[in-house]
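Colleague: Supplied in C-alpha cells, the structure appears directly below.
The values are calculated or read from the model by the stated rules, or taken from the named source; none is laboratory data. Note that this is a predicted model, so its numbers are computed, not measured. Cβ sites come from the backbone with ideal geometry, for glycine too, and all protein chains shown count toward neighbours. Just the protein is used for accessible areas: all its heavy atoms, side chains included, with ligands, DNA and RNA removed. Shrake-Rupley method; radii C 1.70, N 1.55, O 1.52, S 1.80 Å.
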Amino acid sequence: MDIAFAPRVGGVAADRPMIDPYGRAIRYLRVSVTDRCDFRCVYCMAEDMTFLPKRDLLSLEELDRVCSAFVHLGVRKLRITGGEPLVRRGIMWLFRRLARHLDAGALDELTVTTNASQLARHAQELRDCGVRRVNVSLDTLDPAKFTAITRWGKIDKVMEGLDAAVAAGLAIKINTVALKGVNDDETDRLIAWCGESGFDLTFIEVMPMGEIGADARLDQYLPLSVLRGQIQRHWTLTDIDYTTGGPARYCRVEETGRRLGFITPLTHNFCESCNRVRLTCTGQLYMCLGRDDRADLRVPVRQSDDDGPLVDAIRDAISRKPKGHDFVIDRRRKGPAVARHMSVTGG
Ligand code: SAM
Ligand code: SF4
C-alpha cells in the first residue's frame, strides 16, 4: 500500500497488513461482546456459571475502538459473538457504529453468531446496519430436546427469530453441534428442513473447551467423518470450493441445492489456513482458539486515547500467533484441553 494512502490509526500509519510468523494474513476478527447468555447449552456452559463483573468488560465505545483499529490494520471481516451477543445491553449501537467501515469499503463483512432468541427484535436493524448473513446455532428441531440441550431455551423464540431474519432479507446459516446419541438421529430432518427453508447448514464437532462435567464430552463426541458417511447414505454430496473465510469445508446437497459445511477441528486440523484472531469481552486477544496465550488489549485502550500503544500491542500479539492447536478428546486426557468456555472466546 502506498504510505500516502495508508489508513491512520490515532496518528500511527497502518501501512503494513498483519502477517503472522507462518505467513498467514490476519483478515478476520471474532469479537465476543459478552460472556453472558440466556441459554445454558450443555456442551458450552455449566448450569451455575459465574459471569464476569460488568466493570471488567470493555465498554461498547472501547469495543468499537479496538474493532476499528483491527479494520485499519487490514481485518476485512468482523463477527460479533459471545456468550449471546444480542443480550448485551445497547449492542445495536456497536453494529450501527461498525457499519461505517462497510460504508467506507474498509470492511467486507459484518456478521453475527446468535442463538436467535432475541433475533425477532433485531433482525431488521441488523440488516439496516449492513449485516447480510447471520449464523444461528440450532442443534435440534424437537422442542423437548431443544430445552434439554439449551437447558433454558424455548425453540418457539428461535423460530420467531428465524422468521424475522428471513423477512428482513438476511441469509441464514444454521450451526449444529453434532452430539452423539442426542441429535445424530435428526441429521436427515435437519438437512431437509434447511433445504425447504433456504438455509445453509454446518455441522460442528464438539470441542474440548471449559469444564462441563467428567466424561460428558467424550460421550458427546461424534467425529464428523462418521456423520458424513451416514449422511451420504441418503443424500448426494458434491465437494465445492466455497469458503466464507471460516474453517468449514463445504459441499452441495444435490437434492436440496443448499450448502452443507463441516467444521472438524478434531478429525481434520484446519490451522494451516487460519486467518483469524479472537477478542474477548474483557479485551483479551486470543491468537488461537485452542491455546491459552493471549494479549491484554484493555491495558493500552485504557492507558491512552492515542491508538499507537493499542496498535503496537496488536502487532506484538500477531507476531506470537502459534502454528496451530492440539485439541484431542480421549480417555487419557483428564479435563478439557482449554479451561475457558467457548462463551469466553466466542464460537
Ligand atoms: N450464543 C451464540 C450462539 O450460540 O450462536 C454465540 C456464541 S456460541 C459460544 C457460538 C457457537 O459455539 C455455537 O454455534 C455453539 O454451538 C458453539 N459451541 C459452544 N461450545 C462448543 C463446544 N464445546 N464445541 C463446539 N462448539 C461449541
Ligand atoms: Fe449460550 Fe451460545 Fe453457549 Fe448456547 S452455545 S450457552 S447459546 S453462548
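Colleague: Select, from Val158, Val131, Val166, Val136, the only residue that is touching a Ser or Thr at 6+ places or on another chain (Cβ under 8 Å), open to solvent by less than 10 Å² (accessible area, probe 1.4 Å) and in a helix (DSSP H, G or I). Don't jump to the end; show me each part of the working.
Modeller: Details: Val131 fails: in a helix (DSSP H, G or I); Val166 fails: open to solvent by less than 10 Å² (accessible area, probe 1.4 Å); Val136 fails: in a helix (DSSP H, G or I).
Matching residue, one of Val158, Val131, Val166, Val136: Val158.
Colleague: Out of (1) open to solvent by 30 Å² or more (accessible area, probe 1.4 Å); (2) among the basic types (Lys, Arg); (3) over 25 Å from Met49 (Cα atoms), what's the single condition that is false for Lys173?
Modeller: Status for Lys173: all satisfied but (1).
Colleague: Could you list, in sequence order, all residues of region 35-69 that are in a helix (DSSP H, G or I) and either surrounded by fewer than 14 Cβ atoms within 10 Å (Cβ to Cβ) or near ligand 2 (Cβ under 9 Å from one of its atoms) (or both)? Steps first, answer last, please.
Modeller: So the first thing to find is which residues in region 35-69 are in a helix (DSSP H, G or I), and the list is 54-56, 60-69.
Hits for region 35-69 are Lys54, Arg55, Asp56, Glu61.
Colleague: Residues of region 135-170 being more than 13 Å from ligand 2 (Cβ to nearest atom) and of a type in the set (Val, Ile, Thr), which ones?
Modeller: Val166
Colleague: Would you be able to tell me the number of residues in region 308-347 that are open to solvent by less than 40 Å² (accessible area, probe 1.4 Å), closer than 21 Å to Ala25 by Cα, modelled with pLDDT of 60 or more and not aliphatic (A, V, I, L, M)?
Modeller: 5
Colleague: Looking at this structure, is Val226 β-branched (Val, Ile, Thr), open to solvent by 10 Å² or more (accessible area, probe 1.4 Å), more than 16 Å from ligand 2 (Cβ to nearest atom) and modelled with pLDDT under 95? I'd like the intermediate steps shown before the answer.
Modeller: Numbers: β-branched (Val, Ile, Thr): yes; open to solvent by 10 Å² or more (accessible area, probe 1.4 Å): yes; more than 16 Å from ligand 2 (Cβ to nearest atom): yes; modelled with pLDDT under 95: yes.
Against the criterion (β-branched (Val, Ile, Thr), open to solvent by 10 Å² or more (accessible area, probe 1.4 Å), more than 16 Å from ligand 2 (Cβ to nearest atom) and modelled with pLDDT under 95), Val226 qualifies.
Colleague: Take region 103-113 and flag every residue that is surrounded by 14 or more Cβ atoms within 10 Å (Cβ to Cβ) and among the aliphatic types (A, V, I, L, M).
Modeller: First, pick out the residues of region 103-113 that are surrounded by 14 or more Cβ atoms within 10 Å (Cβ to Cβ): 106-113.
Result: Ala106, Leu107, Leu110, Val112.
Colleague: Give just the number: which of (1) at negative phi; (2) at pLDDT 95 or above; (3) open to solvent by 10 Å² or more (accessible area, probe 1.4 Å) does Gly74 not satisfy?
Modeller: That leaves (1) as the condition not met.
Colleague: Can you find a residue in region 89-102 that is open to solvent by less than 10 Å² (accessible area, probe 1.4 Å), touching a residue at least 12 places away in the same chain (Cβ under 8 Å), closer than 24 Å to Ala313 by Cβ and part of a helix (DSSP H, G or I)?
Modeller: Yes, there is a match, as at least one residue in region 89-102 is open to solvent by less than 10 Å² (accessible area, probe 1.4 Å), touching a residue at least 12 places away in the same chain (Cβ under 8 Å), closer than 24 Å to Ala313 by Cβ and part of a helix (DSSP H, G or I).
Colleague: Search region 28-54 for residues that are more than 24 Å from Tyr221 (Cα to Cα) and near ligand 1 (Cβ under 9 Å from one of its atoms) and pair each with any residue that is open to solvent by less than 10 Å² (accessible area, probe 1.4 Å) and at pLDDT below 90 when their beta-carbon atoms are under 8 Å apart and the residues are at least 6 apart or on different chains.
Modeller: Ser32/Ser343; Ser32/Thr345; Ser32/Gly346
Colleague: Let me ask something additional. In this structure, is Ala116 within 16 Å of ligand 2 (Cβ to nearest atom) and either surrounded by fewer than 21 Cβ atoms within 10 Å (Cβ to Cβ) or within 17 Å of the chain's Cα centre (by Cα) (or both)?
Modeller: Details: within 16 Å of ligand 2 (Cβ to nearest atom): yes; either surrounded by fewer than 21 Cβ atoms within 10 Å (Cβ to Cβ) or within 17 Å of the chain's Cα centre (by Cα) (or both): yes.
In short, yes.
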